[in-house]
Amino acid sequence: MATINQNEIASLGASLHEINPKLLKSEKDGTTRLWYQGEEPYFDIFLDIKNQQIVWFQVALRGKNLCWSQEKEKIETGRTNELKAEDISYYPASKLITPDTTPDQNFIVIVRSILETRGDFPLFKQIIQIFDKMSR
């Protein structure tokens, strides 16, 4: 993914809005899934929250994917098939992710920069803290 300028980062951050949680299935173990969508197509953030802590999150943007889980304790990146339109039977709600062999540090920085524009939002602050913990 090419570098994104500060204006784009600010615009992407400002565009994030919560999708009605009633549209998502909640887990029986007390985990709640939240979904934030940006105005740009295929810009989504999903979070699983349990006991007011993030236990999993995924960010998709421009054919790239970033994922972290409390279970694995590592950030993984990959590429999605969302931008590949050659298959006319492709259903946009289905997403295949091809993992990167090593995490895409540029994409991690871009995601972090976008979330930092929303520093007033506690869940995004938690994600930034996870990035900080993983970079130690």
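Given axes a ≥ b ≥ c from the Cα gyration tensor, I'd like to know whether segment 96-136 is rounded (a/c under 1.5), prolate (a/b larger than b/c) or oblate. Taking the square roots of the gyration eigenvalues as a ≥ b ≥ c, segment 96-136 is prolate. Taking 18 Å as the cut-off for C-alpha to C-alpha distance, list the pairs among 25/74; 25/50; 64/133 that go past it. Where the Cα-Cα span goes over 18 Å, the pairs concerned are 25/74; 64/133.
Provide the per residue accessible area, probe 1.4 Å, for the chain, rounded to a whole number of square angstrom.
Per residue, the chain has an accessible area of 62 Å².
Figure note: 118, 62, 136, 79 ranked by solvent-accessible area, largest first, 1.4 Å probe, ligands and nucleic acids not counted: 136, 79, 62, 118. Note on residue 120/residue 40: beta-carbon distance plugged into 1/(1 + (r/R0)^6) with R0 of 25 Å gives a FRET efficiency of 0.75. To the nearest 0.05, how large is the calculated FRET efficiency for residue 105 and residue 24 if R₀ is 25 Å and r is the Cβ-Cβ distance? The calculated FRET efficiency here is 0.25.
Simple spin-label estimate for residue 6 and residue 70 gives 3.6 nm between the two label positions (7 Å along the Cα-to-Cβ direction from each Cα). According to the square roots a ≥ b ≥ c of the eigenvalues of the Cα gyration tensor, what is the shape class of the chain, taking rounded for a/c under 1.5, prolate for a/b larger than b/c otherwise, and oblate for the remainder? It is rounded, given that a/c, with a ≥ b ≥ c, falls under 1.5.
In order along segment 123-136, the phi-based Karplus estimate (6.51 cos²θ - 1.76 cosθ + 1.60, θ = phi - 60°) of 3J(HN,Hα) comes to 5, 5, 4, 4, 5, 4, 4, 5, 4, 4, 5, 6, 8, 7 Hz; Gly and Pro are listed as x. Shown for the chain: the carbon plus sulfur share of the solvent-accessible area, taken with all protein chains present and a 1.4 angstrom probe, equals 51%.
Accessible surface of residue 48, taken over heavy atoms with a 1.4 Å probe and every protein chain present, rounds to 20 Å².
The values are calculated or read from the model by the stated rules, or taken from the named source; none is laboratory data. Small disclaimer: the values here were computed from a predicted structure and weren't measured. With ideal geometry, Cβ positions are generated from the backbone for all residues, glycine too; neighbour counts draw on all protein chains shown. Keep in mind that these areas ignore ligands, DNA and RNA; they rest on the heavy atoms of the full protein, side chains included. Shrake-Rupley method; radii C 1.70, N 1.55, O 1.52, S 1.80 Å.
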